[in-house]
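Enquirer: Shown below is the structure under consideration.
The values are calculated or read from the model by the stated rules, or taken from the named source; none is laboratory data. Keep in mind that what you see is a predicted model, and the values were worked out from it rather than measured. For neighbour counting, all protein chains shown are included, and Cβ atoms are generated from backbone atoms with ideal geometry for every residue, glycine included. To get the accessible areas, we keep the full protein, side chains included, count just its heavy atoms, and leave off ligands, DNA and RNA. Shrake-Rupley method; radii C 1.70, N 1.55, O 1.52, S 1.80 Å.
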Amino acid sequence: MTGRAVYRHVPHTIRHVPEGGIVYEAFCVTAGCDVESGPHDEQEAAQDWALRHTGRTGHDLFRRVVTDHAKVTRAE
């Protein structure tokens with residue numbers, strides 16, 4: 001007996017949910033440096049960390065990560 005699957009494609013949307021918040025982080029990507037700002041609720045806090053790190057070390061290349069929360073809902 002062979003099985004048969006029926007697929008129904010349903011449109012969905014994905015949107016940012018403010019109650020989930022946004023998290024900002026900065027990571028030094030200079031070779032041999034593994035330090036990071038850690039998560040911050042404010043963008044300025046992660047940026048200030050990067051500026052201080054550059055002042056202390058001379059490292060001037062960072063990866064910035066902004067994380068938000070999103071909710072998927074059916075369009076129907």
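Enquirer: Between residue 42 and residue 69, what is the spin-label point distance in nm, taking each point 7 Å from the Cα along the Cα→C-beta axis?
Expert: Distance between label points: 2.1 nm.
Enquirer: Shifting gears a bit: Tell me the net charge near residue 74. Cut-off is 15 Å between Cβ atoms, residue 74 excluded, with +1 for each Lys or Arg and -1 for each Asp or Glu. All intermediate terms of the calculation are to be shown ahead of the outcome.
Expert: Working: positive: 8, 15, 71; negative: 76.
Once positives and negatives cancel, what remains is +2.
Enquirer: In the chain, what chymotrypsin sites (Phe, Trp or Tyr not before Pro) fall in a loop by DSSP, with at most 11 other Cβ atoms inside 10 Å?
Expert: Answer by residue number: 7.
Enquirer: Helix-derived [θ] at 222 nm for the chain: sum -39500 (n - 2.57) over DSSP H runs of at least 4, divide by residue count, nearest 500? Intermediate results must be reported in sequence, preceding the final value.
Expert: Values: 1 runs with 15 residues, N = 76.
Computed mean residue ellipticity for the chain: -6500 deg cm²/dmol.
Enquirer: I've got another one for you. Can you pull the percent of the chain's accessible area that's carbon plus sulfur, 1.4 Å probe, other chains left in place?
Expert: 53 percent
Enquirer: Sort all Cα-Cα distances of the chain into consecutive 5 angstrom bins from zero, then give the percent of pairs in each bin up to the one containing the longest distance.
Expert: For the chain, the pair-distance distribution reads 3, 14, 17, 13, 10, 8, 8, 7, 6, 5, 4, 2, 1, 0, 0.
Enquirer: Can you tell me the FRET efficiency between residue 52 and residue 19 if r is taken as the Cβ-Cβ distance and R0 is 25 Å, rounded to the nearest 0.05?
Expert: 0.20
Enquirer: Tally Lys and Arg at +1 and Asp and Glu at -1 over the other residues with C-beta under 14 Å from the C-beta of residue 27: what net charge comes out?
Expert: Spelling it out: positives minus negatives among the neighbours equals -2.
Enquirer: Can you check what the net charge comes to around residue 44, using other residues whose Cβ is under 14 Å from the Cβ of residue 44 (Lys, Arg +1; Asp, Glu -1)? Before the final figure, lay out the partial values.
Expert: Working: positive: 52, 64; negative: 25, 41, 42, 48.
Neighbourhood net charge equals -2.
Enquirer: Once the dipole of region 1-44 is set up with Lys and Arg at +1 and Asp and Glu at -1 on Cβ about the Cα centre, which of 26, 7, 37 lies farthest towards its positive end?
Expert: So the residue we want is 7.
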